[in-house]
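The values are calculated or read from the model by the stated rules, or taken from the named source; none is laboratory data. From a predicted model like this one, the values you see are computed outputs, not experimental measurements. FYI the Cβ positions are ideal-geometry reconstructions off the backbone, even for glycines, and counts take in every protein chain you see. Just the protein is used for accessible areas: all its heavy atoms, side chains included, with ligands, DNA and RNA removed. Shrake-Rupley method; radii C 1.70, N 1.55, O 1.52, S 1.80 Å.
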Amino acid sequence: LLRSPEEQRLLAALPPYRGTEALALAELLRREGNDRHLVAVVLSQARLRAAAEERLTPWAGLLLLTDDGAQQATRPAVARHRAARFAAAGVRSVVDLGCGVGVDALALAESGLAVRAVERDPATAERARANAEALGLADRLIVTTGEAVDADLADVDAVFADPARRVAGRRVREPERWSPPLSWVL
């Protein structure tokens, strides 16, 4: 998941992603001695970051993303606005149910709140942890793997939930198929 310093250096050293040049770049990276699986992962991450650049600026170049995360993640400006509202209301601790790659949780932590984030997909949860580390927020943001509906809501001042409304890149229009379901959130 691109956590080692070597993997991070390789990702950071890539030129701006262009789909028309990806194959040639992959061949070059493999000729330089990089593992083919690592090259595929690094180029996939570069593709996701490029696709999310407008949506996730200023964090797009720092975050580890998933396909769904790149499509669904809240814009940082919106996440920061929400976080400021929590802080202004006197909230000190919050749980983010279904954090995805963690943009809302990051903004909440950035605003000074103690954040517990819950994500059901282990690989996505690991990306959220890496994103907290990348932004220097790991001391305020703890990510756990599990179902939002099973999360421990004790000892927090507030709950944040923005249900996932996509499955395998496709929009889910029925609120009861969201994760978590809208009726449970309400």
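Data for the structure
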| read-out | value |
| --- | --- |
| Loop-resident sites, segment 123-154, for GluC sites (Glu not before Pro), counting at most 11 other Cβ within 10 Å (DSSP) | none |
| Helix-derived mean residue ellipticity, 222 nm - over the chain, DSSP H n ≥ 4, -39500 (n - 2.57), to 500 | -13500 deg cm²/dmol |
| For segment 72-186, the fraction of alpha-carbon pairs in successive 5 Å shells from zero, as % | 2, 13, 23, 26, 21, 11, 4, 0 |
| Mean shadow area of segment 55-136 over all directions, Cα convex hull, nm² | 4.7 |
| Potential lengthening between Ala138 and Glu32 on full extension [0.36 nm per residue; Cα-Cα distance subtracted] | 34.8 nm |
| Label-point separation, Leu186 to Val172 (7 Å along Cα→Cβ), nm | 1.7 |
| Segment 32-139: trypsin sites (Lys or Arg not before Pro) in DSSP coil with no more than 14 other Cβ atoms inside 10 Å | Arg92 |
| Translational diffusion coefficient (Stokes-Einstein; Kirkwood radius from C-alpha pairs) of segment 1-158 at 4 °C, 1.567 mPa s, in µm²/s | 79 |
| Loop GluC sites (Glu not before Pro), segment 24-112 (other Cβ atoms within 10 Å of the site Cβ: 11 or fewer; DSSP) | Glu32 |
| For the chain, size of Cβ-based charge dipole, Lys and Arg +1, Asp and Glu -1, in debye | 540 |
| Alpha carbon convex hull of segment 144-186, volume per residue in cubic angstrom | 84 |
| Solvent exposure of the chain as accessible area per residue, Å², 1.4 Å probe | 54 |
| With 5 Å bins from 0: P(r) over segment 1-81, alpha-carbon pairs, percent | 3, 15, 26, 23, 17, 10, 4, 2, 1, 0 |
| Segment 1-142, relative contact order in percent, only Cα pairs under 8 angstrom and at least six apart counted | 20 |
| Positive-end extreme of charge dipole, the chain - chosen from Gly136, Ala125, Val78 (charges on Cβ) | Val78 |
| Whole-Å distance, taken between Cα centres, linking segment 11-51 and segment 137-181 | 31 |
